[in-house]
Every structure is written in structure tokens, then in C-alpha cells.
Amino acid sequence: ISPQEKKSIERRPTENLAAYDLYLKARALRDFTLPNRDDRITLLKAAVQLDAEFSAAWAMLGQFYSNAARFDYINRASTVTSARAAIENAVRLAPDTSDTLVAQARYLTWVEKDYARAIPLLERVLSQSPNEPNAFAALASIARFQGRASDALNHLRKASSLDAGNLFHVRLAIQQLEAGRRYDEARTERRKLMDSLPASLTASYQIAFISFEAGGSKREVEQFFSALSEAEVKSTEVLR
């Protein structure tokens, strides 16, 4: 590992164990595609209330608010203000850490669409921490928004290889394959995802839906629904 990575590992994120526990719970929900955004924000707000000097929690809170601002059309101004305030706290407390730099880049990417300023921040992260998966994931977002599909996929695969437990990277890589109509590869990756989510009806449905995307066949989708139990048919996961 690099000297900077060693220094980062040795640095205590907080002395408050309760705040750190809340942070870990929020990090376990770091998949931006899951419908539990409010839960993550609530956990992190509680963490920084316990330790206002907890820079990593502020940085993650800024990222979640920045992502929320992309879809919160009703309260967007307030959400953007919250994102900016959280990131400013992270910058004040620990301006050079990977957490802070990635949070800044995410804000610039998702809120301001300022890729020219975001990319150097991520390059700086990788210069000091070459194995930082979140930097590669953030670069993938920029590449995707810029229409560089191949670069986006490569960055996501790198992020996944460095952080195999983070399904957010895996989901985005699959979406990139589907967008590029690389359905056979997407199906293979979705089957691998099923190994991590064996009870997920959504994951099973998405595998079936690939056949419809690829060739218009509804057979696998119909088989999926016909195999559901009465309880599964009425479940929130299927209804939504």
C-alpha cells in the first residue's frame, strides 16, 4: 500500500463508538440504487450529532444528499444546500482524505454537472490511494454522463474488483452492459448477482426481463410471474 493509504488506515475516524456504529450502518446501505435513502441520511445525521468532527460521516452524508438532489425535484434547493453544507464540513475537517475528495467530486458531478473540476479531484485520490474503489466508481459516473460507455464499464469493473461486497458497482456495470445491448454479458453478471441476493425477486425478474430486452420474448417474464406464490404476488417488491 502507498504511504498515504497507510496514513489513512492508521487515522482514527472518530473516538465516539456510537457515532462510528451509525456510520457503519449507513455504509452498509451505500448502494445508491436502493430505496432507503432517508434511512442512510438519518443514520449519518445522528452520527455527526454525536461527533461533529467526524469528517468521514460528513463526507458520506454529502454524497447521499448530492445523489438525492438528482431526483428530489420538489425539495431540490434544500437538498443541495444540505449536500453543500455537509461537504464543507468534511473539507474543513479533513480536506485531503479520499472520503472528502470523492464527496466533492460526487457533488460536482451529480449537482453541478461540472466534470472538468470533478475529474482532477478523483485523479488526486488515485495518486495517493491507487486502490480506492469509490474514485473509480465516481469516474464511471462521469464517463457515463459523457457518453464514454467503454470507459464507464472499465471503471466499474475496477471498482467491483476492489470492493466485491459493494453491489452498487455491480448493478451499475450491469446497467451499462444492458445500455450497450450486450445482453449475454449482462445476463451472466445478473446471475452472479443472484448468488449475493438469492431471495431477491427483483433480481430474478431482471434476469427474465433481459430476454425481453434482447429479442422481445415474453416467455421468461411470464414464467417468472406464474411461479410466484400468492404472498409473493402481493409483496411490495413485486407490486412496485
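The values are calculated or read from the model by the stated rules, or taken from the named source; none is laboratory data. On a predicted model such as this, the values are computed, not experimentally measured, just so you know. Glycine gets a Cβ as well: all are built from the backbone with ideal geometry, and neighbour counts include every protein chain shown. Accessible surface is based on the protein model in full, side chains and every heavy atom, while ligands, DNA and RNA are left aside. Shrake-Rupley method; radii C 1.70, N 1.55, O 1.52, S 1.80 Å.
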Give a quick list of GluC sites (Glu not before Pro) in segment 130-214 that DSSP marks as loop, anything other than H, G, I, E or B, with at most 11 other Cβ atoms within 10 Å.
none
What FRET efficiency comes out for the pair S127/A214, r = Cβ-Cβ distance, R0 = 41 Å, nearest 0.05?
0.50
May I ask for log10 I(q)/I(0) of segment 43-89 at q = 0.24, 0.30 Å⁻¹, from a Debye sum over the Cα atoms as equal point scatterers with solvent left out?
-0.76, -1.02
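Return the FRET efficiency for the residue pair A231, A179: r is the Cβ-Cβ distance, R0 is 51 Å, and the value is rounded to the nearest 0.05.
Given R0 = 51 Å and the Cβ-Cβ separation, E is 0.90.
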Taking the Cα-to-Cβ direction at E53 and at E222 and moving 7 Å from each Cα, how far apart do the two end points lie in nm?
6.6 nm
Roughly what angle does helix 55-69 make with the longest principal axis of the chain, taking Cα atoms, 0 to 90 degrees, to the nearest 10?
50 degrees
If you fit an axis through the alpha-carbon atoms of helix 167-179 and take the longest principal axis of the Cα set of the chain, what angle between them do you get, 0 to 90°, nearest 10?
50 degrees
From the P(r) of the chain, can you give the percent of Cα pairs sitting at distances over 22 Å?
58 percent
The distance between the Cα centres of segment 128-164 and segment 200-233, in whole Å, is 30 Å
How much area per residue is accessible in the chain when the probe is 1.4 Å and only protein heavy atoms are counted (Å²)?
53 Å²
Using alpha-carbon coordinates, inclination of helix 133-145 to the longest axis of the chain, degrees:
60 degrees
Label-reachable residues, segment 131-146, where backbone N falls under 17 Å from a point 7 Å from K113's Cα toward its Cβ:
141-146
Roughly speaking, to the nearest percent, how much of the chain's 1.4 Å accessible area is carbon and sulfur?
52 percent
